[in-house]
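Report on the following structure.
Where a number appears in this text, it was derived from the coordinates with a stated rule and is not lab data. Worth saying up front: this structure is predicted, and the values here are computed from it rather than measured. Here the Cβ is made from the backbone with ideal geometry for all residues, glycine too, and neighbour counts use every protein chain on show.
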Amino acid sequence: MNESQGFAIGDALLRAIGDRLAATAGPDGLVARTGGDAFAVLLPDLAPEASLSVELFGNRDGSFDEPFVIDGFELDVSAHYGYTRLGAEPRPPGGLLREAEVALHASRFGSPTNGQAYTSDLDRAARGRVELANELREALKNDEFELHFQPKVQLASGRLVAGEALIRWNHPARGFLSPGAFIPVAETSHLIVPIGRWVLDRACKTLRAWQDDGLDIVQIAVNVSVEQLADREFLMDVEEILARHRVPPSSLTLELTESVFADERARLRDQLDALHALGVKLSLDDFGTGYSSLAYLKDYPFDDIKIDRAFVHGLPDDPYSRDIAASVLKIASSIGATVIAEGIERPEQRDALLALGCSMGQGYYFSVPLSEEDFAWLLARRVPLPLKVA
Ligand code: C2E
Ligand code: MG
Ligand code: MG
């Protein structure tokens, strides 16, 4: 609201939300704004079985039943919320707030429907995340990350034309960790910004080394979280890293997930346009798993669309998967994008994709993600994938 309508409207909206919460909380309740867009509400008289959603917002889905009218604008507001019960065991106010905060954090990963109650499991998970964030900070300093590269191939010929860089954490005690084990924490702790910078730097450095060695020129794709994109310095970082390693922008692809659509900040789209203007390629990852984005898709400068492996999985037999794949191909062609199928594990899946008109793909059938050395070996050999075992 601050960005689109200005601070005066944003402030007025915050006051109006505060007033409405205060009216609901009643004379014995207490409402405070604890920061940014967060409020804390103390309801000492609430019956234990009452529905907080209805009590606070008027609607079961966590949206206020009446829109707010500010300066002639009608604004629909919904909220995530976490709560803890006072119960029998006394805790200091700070402890209660912390419990509610832990629950609020967890509520962001679910639907905003019924709020999230505090539990000691959530607490343990929260402490685990803090610990992991500290370890990640050390990992950056100690150079514990590695990039693996998965080939992207032309489906018909098996020719390797690009690689996707995938981060791995060589944890001193726990061995190799896959990104699913630490990227979500990196994203919520903002560590994704320096980690993402490391990934870009290492990918470009590797690309430079391969080109210097006279290996076949390939595109390298790097995954970028929306938190990185939102960082004001991202564009400058990309420019600087490309220039420092003398990598042509068109050799780099940035893969983004549909979460870029969830955030309708105009700045995010400007950022994508600016990256595209730089000559960097943009790819929409895991298509079909996130927000329904068809309405916006045409306004974004994507060069590739990646069909999520969930749909490739059902090929060739499942008619629904086939229809989805066919639809993605149609949509992509109408915006002039190339389709890349992810997670191809069997030759029948490749054949089904080829029959549908999809020409590019990646997956264990062709190759698992490889170390830098193994990927360079493949580049030098120029053999089609999958490799034939003698
Ligand atoms: P993604 O970008 O969709 O990457 C593809 C994932 O699918 C990789 O998992 C890859 O190993 C796996 N995969 C490839 N072929 C197959 C297959 O045939 N079958 C199956 N079942 N899986 C296959 P990985 O490496 O665990 O990465 C998971 C996710 O973590 C990535 O999904 C990406 O979203 C994220 N990620 C990875 N590296 C980075 C990074 O450097 N930065 C950021 N922000 N995210 C990253
Ligand atoms: Mg990806
Ligand atoms: Mg993907």
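Quick notes
- Taken together, Ile167, Ile195, Ile220 contain a single residue that is of a type in the set (Val, Ile, Thr), within 26 Å of Leu252 (Cα to Cα) and not in a strand (DSSP E or B), which is Ile195.
- Failed item in (1) under 30 Å from Ile217 (Cβ atoms); (2) of a type in the set (A, V, I, L, M, F, W, C); (3) more than 23 Å from the chain's Cα centre (by Cα), with Ile305 passing the rest: (3)
- Residue within segment 265-280 that is in contact with a helix residue (DSSP H, G or I) (Cβ under 9 Å, 6 or more places away or on another chain), assigned to a helix (DSSP H, G or I) and within 11 Å of ligand 1 (Cβ to nearest atom) present: no
- Residue that is of a type in the set (Asp, Glu), within 16 Å of ligand 1 (Cβ to nearest atom) and touching a residue at least 24 places away in the same chain (Cβ under 8 Å), where the choices are Glu227, Glu239: Glu227
- Being under 28 Å from Glu233 (Cβ atoms), within 16 Å of ligand 3 (Cβ to nearest atom) and either within 21 Å of the chain's Cα centre (by Cα) or not acidic (Asp, Glu) (or both) holds for only one residue in Ile183, Ile195, and it is Ile183.
- Residue check, His171 buried (at least 18 other Cβ atoms within 10 Å of the Cβ) and either closer than 30 Å to Val383 by Cα or over 20 Å from the mean Cα position of the chain (by Cα) (or both): no
- Hits in segment 229-287 - residues which are more than 16 Å from ligand 3 (Cβ to nearest atom), under 30 Å from Asp212 (Cβ atoms) and of a type in the set (S, T, N, Q): Ser250, Ser251
- From the list Val161, Val130, Val193, the one residue that fits, being touching an Asp or Glu at 6+ places or on another chain (Cβ under 6 Å), of a type in the set (A, V, I, L, M) and away from ligand 2 (no atom under 15 Å from the Cβ), is Val193.
Yes/no per residue for (1) over 14 Å from Phe145 (Cβ atoms); (2) more than 7 Å from ligand 1 (Cβ to nearest atom); (3) touching a Lys or Arg at 6+ places or on another chain (Cβ under 9 Å):
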residue: Leu160; (1), (2), (3): yes, yes, yes
residue: Pro172; (1), (2), (3): no, yes, no
residue: Ser178; (1), (2), (3): no, no, yes
residue: Ser189; (1), (2), (3): yes, yes, yes
residue: Ile192; (1), (2), (3): no, no, no
residue: Leu200; (1), (2), (3): no, yes, no
